[in-house]
Structure formats: C-alpha cells, structure tokens
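The structure appears below as structure tokens.
We did not get these values from a lab; they are worked out from the coordinates using the rules stated. Just so it is clear, the model here is predicted, and its values are computed rather than measured. With ideal geometry, Cβ positions are generated from the backbone for all residues, glycine too; neighbour counts draw on all protein chains shown.
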Amino acid sequence: MAVHIPDGLIEGGTSAGAGVVAATGVGVCLRQAGRLLDERRVPLAGLTSAFIFAAQMVNFPVAGGTSGHLLGGVLAAVLVGPYVGAVCVAVVVVVQALLFADGGVSALGLNVANMALVTPFGGYLAFCGLRALLPPTRTSVAAASGVAAGFAVVLASLAFTVEYAVGGTGGASATTVGVAMIGVHVLIAVGEGVITALTVSAVLASRPDLVWGARHLGPDRSSPAAALGLGSAR
Amino acid sequence: MGAGHGRTDGLYVAGDGRLHRLPAEAKIVATVGYVVAVVATPRDAFWAFAAHGALLLALARAASLPVGALVRRLRIEVPFLAFAVFLPLVGTGPRIDVVGLPLSRAGLWGAWTILAKGTLGVGASILLAATTPVAGILGGLDRLRLPRAFTAIAGSMVRYLDVIVGEAERMHVARQSRGYDPRWLGQARGAAASAGTLFVRSYERGERVHLAMLARGYTGSLPRLCAVPATAGDWATAALLPVAAALVTLTANLR
C-alpha cells in the first residue's frame with residue numbers, strides 16, 4: 001500500500017514546492033488549532049497523535065485472511081476537528097520520517113500535503129456535505145464519516161497522481177499510474193471507510209461529547225451524566 | 001523519555017562516537033542536504049550511486065553501528081518496491097525483452113531510480129535516527145525554528161507512544177485470546193470497537209496529563225530543551241556528508 005512516498009520518485013522541484021504548501025498549510029492549522037484548544041492543545045494533540053500512530057497498527061481483515069491497516073486522516077478530522085486532526089497527522093508523518101525512516105526526507109512535504117492536508121480536509125468537507133443531507137442522528141454521523149474516509153483515500157491517490165504528473169520520474173505515463181493507483185486505492189478506501197464508520201460509532205456510543213463531528217447533535221439526554229444534570233466529564 | 005527501551009526510542013542505537021555527539025540540528029540539515037544531492041543525481045551515473053552508498057556505509061562503520069540490523073530496517077521500503085516492479089510492465093516507449101517479458105525501457109529506468117534513490121534516502125534517515133535519541137531530534141527541530149507548538153505536540157506524542165501502542169497491543173492480545181480471528185471485512189467490528197476505545201482512553205489520558213501539568217505549574221508553554229546549540233565546528237563536521245555527496249552529484253552531472 002503505497003502511502004509514504006520515498007525519495008527519488010518525484011523530482012526535487014516538485015517536492016520542494018509541496019514542502020512550501022505543506023509548511024504553510026500546517027502553519028495555518030496550528031494557528032487555528034491553538035485558538036480552538038488553547039493551552040490544552042499540547043497534551044491533547046500529542047495523545048491524539050499517539051492514538052493515530054497506534055491506530056495505524058490495528059490490523060483489520062480485508063478478505064480471506066489478508067489484512068490492511070487504518071490511515072486515520074478522516075477519523076482524526078471527525079473526532080477532533082479538521083485543524084487539530086491535520087496537525088496531529090502532520091506530527092505523525094514527521095515523526096515517522098525522522099524517527100522511523102518511514103517516507104523519504106526529501107518527500108516529507110509531499111507526504112504531509114497528501115496525508116495531513118488533502119485527506120483530512122477533503123474528507124471533512126465530504127463529511128459535512130453528507131451530514132447536512134442526512135437526518136441528525138448518530139448513525140448518520142458514523143455513516144457520513146465512513147463514506148468521507150473512503151472518498152478521502154481516493155482523493156489522496158488522486159493527489160499523488162497529480163504530483164506524479166508534475167514531477168514523476170517513473171517512466172510510465174501519468175494516466176497509467178493514475179488508473180492503477182486509484183484502482184488499488186478504491187479497494188483500500190472500502191476498508192478505510194468501514195473501519196472509520198465503526199470506530200466513530202464506537203466512540204459515539206461511550207463518549208459522544210468527544211466527537212467533534214457530532215457536536216450538532218447537542219448534549220445526550222439519555223446518558224447517565226445528563227440524567228443527573230452533570231456536564232460532560234471534562 | 002529517559003527509559004532507553006521500547007518504541008519511543010525509534011531506531012536509536014546507543015553509542016558515544018563523533019556522529020552520536022554531533023548536535024541533532026546539524027545532523028538533520030546534513031541528512032536533508034545529502035538526500036537532495038542523491039535525488040539530483042543523474043539516473044545513469046551508476047558509480048555516483050555507489051559513491052553515495054559508500055559514504056553512508058563509511059559513516060555507519062565510523063559510528064560503530066550494527067550495519068546488518070540497520071540494513072534489515074530497509075524492509076520499510078518494500079511497498080515501494082512493489083511500485084517499482086509495476087513500472088517496467090506498464091511504462092511507455094520502446095520495449096526490451098528481459099527473460100521473455102517485454103519491459104518498457106523508461107519504466108525500467110523509473111524502477112531503478114526509485115530503488116536507488118529511495119534506498120539511499122531510507123539509509124540516510126536510518127543513520128540519523130540510529131545516532132540521535134528521540135529527545136535530541138525534537139530538540140534539534142526546535143532549534144531549527146519549527147513552531148514551538150508543533151515540537152511540543154511531537155514531544156508529548158513520543159512520550160506517550162509506548163503507553164498507547166502498548167495499550168493497543170494488549171487489546172489485540174485480549175481479542176485474540178477470546179477467539180477473535182476475523183477473516184472478512186464484515187467481521188471488523190471488534191477491531192474497530194477497540195480503536196474507538198483506544199481513542200477515548202488516549203483522549204482522557206490527555207485530559208489527565210493536562211491537569212497534572214497544570215498542577216506542576218504549566219502555563220501553556222514548555223521550557224525550551226536546553227541542549228548545547230551547534231557550534232561552527234559542529235556545522236563544519238556535519239557538512240562533510242552533504243558536501244561530499246554534492247561533489248559526487250556535480251561530477252556526475254558534468255560528464
């Protein structure tokens with residue numbers, strides 16, 4: 001599953017351009033995340049990043065005993081909001097490159113742009129669109145996040161294809177690479193969508209107040225805390 | 001991060017050579033410089049790739065790193081080798097016969113480029129991670145003027161990484177010991193429920209950590225990690241690798 005772009009696949013100029021885009025985008029997200037989370041952002045965003053890293057190690061079955069793993073961009077955006085989510089995924093991608101040699105150092109900008117900007121924001125936009133169309137229930141939130149997560153995986157493979165078309169060194173035409181990459185990622189997208197929807201619905205079942213994408217549902221009247229007139233367990 | 005074990009130390013291999021003692025910011029910049037030189041190498045200059053590789057090997061030997069263990073770490077690029085295998089089959093332009101298979105010449109060049117440059121890039125990252133402790137890399141990013149919030153978040157992430165990953169692994173063992181062995185995506189609910197629980201536990205841990213930090217006088221910013229910043233001599237030493245790689249690339253381009 002080709003998610004981390006290595007050094008040498010996309011030529012230097014394109015990588016550098018993506019680096020500028022990624023740095024600017026993450027900078028904007030940091031500022032927005034700071035406004036939303038104030039000083040709590042450091043431990044909360046840090047633990048959310050650690051969660052995404054760990055969630056990428058949770059294997060789920062694909063078919064007949066083969067397994068895949070979660071990417072988590074849209075999951076993060078739905079759970080903690082797109083800005084904080086994007087920052088958390090960016091932290092994960094940078095730590096993976098520098099501490100675990102996963103993903104090329106010169107391709108860091110490309111990887112951050114694809115995984116921490118295109119995926120969470122593209123997915124979150126799709127999520128908001130679907131959420132507006134569906135009735136305001138928890139099932140809708142879970143379903144919308146699943147469809148958006150699948151959509152965002154395909155979107156990320158599309159972003160890769162565009163980057164390859166601009167600066168690819170592969171020797172195959174961008175159309176061929178695009179068809180193959182998007183084809184493979186449609187399969188991955190199904191798994192990502194199902195797992196994201198199930199994970200969001202599991203969080204909604206125990207701590208609905210923690211799901212950023214479900215804030216429009218309002219406080220939950222049926223929870224024991226609400227019945228006792230207590231706020232969320234902050 | 002004091003505990004020198006587990007995942008939070010990444011690929012770090014303890015040591016006390018010149019390479020280990022160089023300040024992290026100098027090593028990070030040197031790594032980026034080296035990789036840029038590798039990426040700019042013309043693809044048909046085979047000797048230049050050999051020279052780039054020799055530079056890395058020499059440094060690994062000088063730092064007395066277990067080269068075998070580090071080479072095994074190269075496994076991380078296997079997914080991309082799959083991409084490299086795919087290119088000659090679908091590449092454009094004239095084809096040449098390789099053991100009966102008509103392969104695209106351009107695609108073969110593409111595969112070679114990814115194999116050579118990708119491997120050298122991973123090698124350089126492994127060398128950086130193997131000679132620099134996690135706290136050092138984060139401190140180095142801090143001194144390279146990355147936003148404080150970003151390095152602080154990364155710092156608290158790696159501090160709790162072992163805890164959260166350990167929790168995920170315990171959940172995995174718990175599922176397996178209850179006979180959970182899913183074969184199809186339709187049976188993924190168990191794994192997803194664990195992921196949901198893991199998020200709730202991580203977030204609540206974050207809230208507790210924040211309260212604990214407040215109790216210890218946290219006012220919204222962490223103190224800067226006060227390691228000794230790199231001296232001109234350190235920068236000059238660290239520059240040896242990218243300068244040597246740049247000379248190789250320049251020579252290769254002049255031909």
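The table below lists the values:
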{"read-out": "Order of B:R170, A:R41 under a 10 Å beta carbon neighbour criterion, fewest first", "value": "B:R170, A:R41"}
{"read-out": "Alpha-carbon centroids, the range B:73-113 and the range B:132-183: separation in whole Å", "value": "35"}
{"read-out": "Cβ-placed point charges (K, R +1; D, E -1), dipole of the range B:50-112 about Cα centre in debye, nearest 20", "value": "160"}
{"read-out": "Highest-MSF residue in chain A out of A:T48, A:T119, A:T175 [GNM, Cα springs under 10 Å]", "value": "A:T175"}
{"read-out": "Distance between the range A:83-103 and the range A:161-222 - C-alpha centres, whole angstrom", "value": "17"}
{"read-out": "Cut-off under 5 Å, modelled amide H: who pairs with A:S67 long-range", "value": "A:V62"}
{"read-out": "Residues B:T119, A:T139 arranged by fewest to most Cβ contacts within 10 Å", "value": "A:T139, B:T119"}
{"read-out": "Stokes-Einstein diffusion coefficient of the range B:117-255, Kirkwood radius over Cα pairs, 25 °C, 0.890 mPa s, in µm²/s", "value": "125"}
{"read-out": "Extended-chain gain in nm, criterion 0.36 nm per residue less alpha-carbon gap, B:Q187 and B:T251", "value": "17.3 nm"}
{"read-out": "Neighbour-count ranking [beta-carbon atoms within 10 angstrom, fewest first] of A:M181, B:M213", "value": "B:M213, A:M181"}
{"read-out": "Unit charges at the beta carbon, dipole of the protein assembly as shown: most positive-side option, B:N253, A:N111, B:L11", "value": "B:L11"}
{"read-out": "Whether the range B:147-215 is rounded, prolate or oblate, judged on the alpha carbon gyration tensor where a/c under 1.5 counts as rounded", "value": "prolate"}
{"read-out": "GNM result for chain B, Cα springs below 10 Å: residue of B:L211, B:L81, B:L70 fluctuating most strongly", "value": "B:L211"}
{"read-out": "Cα-based shape type of chain A, given that a ≥ b ≥ c are square roots of the gyration tensor eigenvalues and the cut on a/c is 1.5", "value": "prolate"}
{"read-out": "Shape of the range A:60-137, Cα gyration tensor, a/c cut at 1.5", "value": "oblate"}
{"read-out": "Furthest towards positive pole of dipole, A:G191, A:V141, A:C29, structure part the range A:12-214, Cβ charges", "value": "A:V141"}
